[in-house]
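Below: the structure, in structure tokens.
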Amino acid sequence: MADQEQAEIRLMVARLRQEHEDFDAAINAMIETGCDALRIQRMKKKKLVIKDKLSKLEDQIVPDIIA
């Protein structure tokens, strides 16, 4: 993988991590304020989608090594 591609992937990973943390903070705030459970569940699903994207990108950076 070229250095430029890897740098772009690392930048996307950083953005997704920040977005994941933002969703986490928003979900916690919604729980504290007693927001609708359905809205909280939808936010959690969005957070999970971000986590899945993050995992796929991280796997591209560090490939599995068969031992």
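The values are calculated or read from the model by the stated rules, or taken from the named source; none is laboratory data. Not measured: the values here are computed from a predicted model. Just so you know, the surface numbers come from the protein's heavy atoms only, side chains and all, with ligands and any DNA or RNA stripped out. Shrake-Rupley method; radii C 1.70, N 1.55, O 1.52, S 1.80 Å.
Annotations
- CD proxy at 222 nm, helix term only [per DSSP H run n ≥ 4: -39500 (n - 2.57); per residue of the chain; nearest 500]: -30000 deg cm²/dmol
- Acute angle (nearest 10 degrees) that the helix 37-61 long axis makes with the longest principal axis of the chain, alpha-carbon atoms: 10
- The fraction of accessible area contributed by carbon and sulfur in region 1-60 is 50 percent, rounded to a whole number (1.4 Å probe; ligands and nucleic acids excluded).
- Computed across the chain, the Kirkwood hydrodynamic radius from all distinct Cα-Cα pairs reaches 13.4 Å.
- Tilt relative to the chain, helix 3-33 - C-alpha long axis, 0 to 90 degrees, to 10: 10
- Length released on extending from Lys44 to Ala25, taking residue separation times 0.36 nm less the Cα-Cα span: 5.7 nm
- Protein heavy-atom accessible surface, 1.4 Å probe, per residue over the chain: 81 Å².
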